[in-house]
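Visitor: There's a structure below that I have some questions on.
The values are calculated or read from the model by the stated rules, or taken from the named source; none is laboratory data. Quantities reported herein were computed from a predicted structural model and do not represent experimental measurements. Quick reminder, even Gly has a Cβ in these numbers, built from the backbone with ideal geometry, and neighbours come from all protein chains shown.
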Amino acid sequence: MKIHEHQAKQLMAARGISVPLGRVARSVDEAVAAVRPLIEESGNPVVVVKAQIHAGGRGKGTFKEHPDVHGVNVITDGIDGGPSAAEERVRELAKRMLGSTLVTIQTGEEGKVVSRLYIEQGISIDRELYLAVLLDRALSRNIVMASTEGGMEIEKVAEETPEKILRAEVDPAIGLADFQANELAMGLELSADAAKNFKRFVKSLAAAAGELDTSLIEINPLVVTTDGSVMALDGKMTFDDNALYRHPDIAEMRDETEEDSAELEAKNAGLSYIKLNGTIGCLVNGAGLAMATMDTIKLAGAEPANFLDVGGGATADQVTTGFQIITKDPAVKGIFVNIFGGIMRCDVIANGIVEAIQRVGLEVPLVVRLEGTNVELGKQIIADSGLDVVNADSLKDGAEKIVELTGGGSQ
């Protein structure tokens, strides 16, 4: 689960991690009302207006309706004109940003509609750094990543100058050790107050990652101010869904309007679904079999349109929901159902498929491979339905048939 920047900063501030002063706004009036208190409290006449969406690259992103407006805007009108001038500029921007579609490098051309803003104090920046705590599943522990290249895409840094990325493993028993914090500070070429403040910051951030069950905390940029303070100018947090039962307060932060509607529908139905960029829809039981199915489709010359695992104990209703989710995707040119009936019975799958097609129709080729418990009954149910379904004898056979029926990789 992802949360917004202002929510991530709220969680950090509650744990003593330094963040700029800011206020969230869901309307133009709320945005304007936030300006004067921020200027008075911070003593800085500069404020920043930030669009809140679950995507990076907001600073360079622009709005479809207003190409001259970016997702992050620094307002300096208050320097000469005072708080009133800053308020008027914020009012103008908020009117254009709220309800408009922001397009960034991470949203794709469709963009995301902005429904909330974060009004934040301006900061006097000396240096910009990169800092993240992420779960390394191969190591089964969090690692800290830091770089002097703050404000840049870390993927680009890793590709072009990997030596500029520092790493430290976090021992879950003791947390990030003092010597590791020292090494990171030295690697970032920090000294004096900046080094001391960074070490305190990074140890607190690593502790927060363990406490909150995050899979990622990313701060880009982490800034060193002109007075040596270290502060999270941005903040991104992603949480392990399986641990949310331990954090009901964080679960309440979920913004369903930011999530893919198909993935949300699947989640509510108890299904595991991830949208991909291909043309072959996949409905499979079991994560391992689903991965193998996607690999075999690629080997056959096409790309999977999704990962969809209905699980070992799915009901006919869940299968129907999964099938409906796949057919709603306009990119899908064909569907491959691949079921191995161990705990899951093939007749349950067959009934779900028939019911789904009767509800939504079938406008693309469908290949079904059933094997295992009640396989003959499942095949009979599909045969008796009179539906235009192609049977497959194996995983390889099914993948080759659906790719052939959809024109292979030419789609």
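Visitor: Give the residues of segment 392-407 that are in contact with a strand residue (DSSP E or B) (Cβ under 6 Å, 6 or more places away or on another chain) and surrounded by fewer than 19 Cβ atoms within 10 Å (Cβ to Cβ), sorted by residue number.
Guide: Result: Leu405, single match.
Visitor: Can you find a residue in segment 321-341 that is of a type in the set (Lys, Arg), free of Cβ contacts under 8 Å to residues at least 60 places away in the same chain and in the same structural domain as Ser272 (by TED's automatic domain parsing)? First the steps, then the outcome.
Guide: Residues of segment 321-341 that are of a type in the set (Lys, Arg), as a first pass: 328, 333.
Checking the rest, the ones that are also free of Cβ contacts under 8 Å to residues at least 60 places away in the same chain come to none.
Looking through segment 321-341, none of the residues is of a type in the set (Lys, Arg), free of Cβ contacts under 8 Å to residues at least 60 places away in the same chain and in the same structural domain as Ser272 (by TED's automatic domain parsing).
Visitor: Right, next: Given the criterion of a type in the set (Asp, Glu) and at pLDDT 85 or above, identify the matching residue among Glu355, Glu363. Talk me through it step by step, then tell me what you get.
Guide: Working: Glu355 fails: at pLDDT 85 or above.
Criteria check complete, one pass: Glu363.
Visitor: Any idea which of Leu117, Leu212 is in the same structural domain as Lys50 (by TED's automatic domain parsing), within 19 Å of Ala13 (Cα to Cα), under 23 Å from the mean Cα position of the chain (by Cα) and surrounded by 14 or more Cβ atoms within 10 Å (Cβ to Cβ)? I'd like the intermediate steps shown before the answer.
Guide: Working: Leu212 fails: in the same structural domain as Lys50 (by TED's automatic domain parsing).
Result: Leu117 is the single residue among Leu117, Leu212 that is in the same structural domain as Lys50 (by TED's automatic domain parsing), within 19 Å of Ala13 (Cα to Cα), under 23 Å from the mean Cα position of the chain (by Cα) and surrounded by 14 or more Cβ atoms within 10 Å (Cβ to Cβ).
Visitor: Can you pull out the residues in segment 363-389 that are touching a Leu at 6+ places or on another chain (Cβ under 9 Å) and among the small types (Gly, Ala, Ser)?
Guide: Gly378
Visitor: Further question on the same structure: Inspect all residues belonging to segment 40-57 and state whether any of them is surrounded by fewer than 22 Cβ atoms within 10 Å (Cβ to Cβ) and among the acidic types (Asp, Glu).
Guide: yes
Visitor: So, one more: Sort out which residues of segment 239-265 are aliphatic (A, V, I, L, M) and in a helix (DSSP H, G or I), and write them in order of number.
Guide: Step one: list which residues in segment 239-265 are aliphatic (A, V, I, L, M), which gives 243-244, 250-251, 253, 262, 264.
Once the filter is applied, which keeps residues that are aliphatic (A, V, I, L, M) and in a helix (DSSP H, G or I), segment 239-265 yields Ala243, Leu244, Ile250, Ala251, Ala262, Leu264.
Visitor: Starting from segment 398-409, keep only residues that are in a loop (DSSP other than H, G, I, E, B), then list their pairs with residues that are buried (at least 24 other Cβ atoms within 10 Å of the Cβ) and of a type in the set (A, V, I, L, M, F, W, C) whose Cβ atoms are within a distance under 6 Å, requiring at least 6 positions of separation or different chains.
Guide: none
Visitor: Oh, and also: Being part of a strand (DSSP E or B) and either closer than 30 Å to Tyr273 by Cβ or of a type in the set (S, T, N, Q) (or both) is the requirement here; does Leu102 meet it? Step through it out loud before you land on a result.
Guide: Working: part of a strand (DSSP E or B): yes; either closer than 30 Å to Tyr273 by Cβ or of a type in the set (S, T, N, Q) (or both): yes.
In short, yes.
Visitor: Follow-up. Do any helices (runs of 4 or more DSSP H) entirely within segment 113-221 hold 2 or more residues that are modelled with pLDDT of 95 or more and on the phi < 0 side of the Ramachandran plot, and if so, which?
Guide: Working: elements: 154-160, 178-187, 192-212.
In segment 113-221, the matching helices (runs of 4 or more DSSP H) lie at 178-187, 192-212.
Visitor: Output the number of the condition that Gly288 fails; it satisfies all remaining conditions of (1) in contact (Cβ under 8 Å) with a residue 40 or more places away in the chain; (2) more than 22 Å from the chain's Cα centre (by Cα).
Guide: The number of the failed condition is (1).
Visitor: Still on this structure, I have one more. Would you say Gln380 is modelled with pLDDT under 85, surrounded by fewer than 16 Cβ atoms within 10 Å (Cβ to Cβ) and either among the polar types (S, T, N, Q) or touching an Asp or Glu at 6+ places or on another chain (Cβ under 7 Å) (or both)?
Guide: Values: modelled with pLDDT under 85: no; surrounded by fewer than 16 Cβ atoms within 10 Å (Cβ to Cβ): yes; either among the polar types (S, T, N, Q) or touching an Asp or Glu at 6+ places or on another chain (Cβ under 7 Å) (or both): yes.
In short, no.
Visitor: While we're on this one: Scan segment 370-392 and report the pairs whose first residue is in the same structural domain as Val337 (by TED's automatic domain parsing) and whose second residue is acidic (Asp, Glu), with Cβ atoms within less than 7 Å and a gap of 6+ or a chain change.
Guide: Close Cβ pairs satisfying both conditions: Asn374/Asp347; Leu377/Asp347; Gly378/Asp347; Ile381/Asp347.
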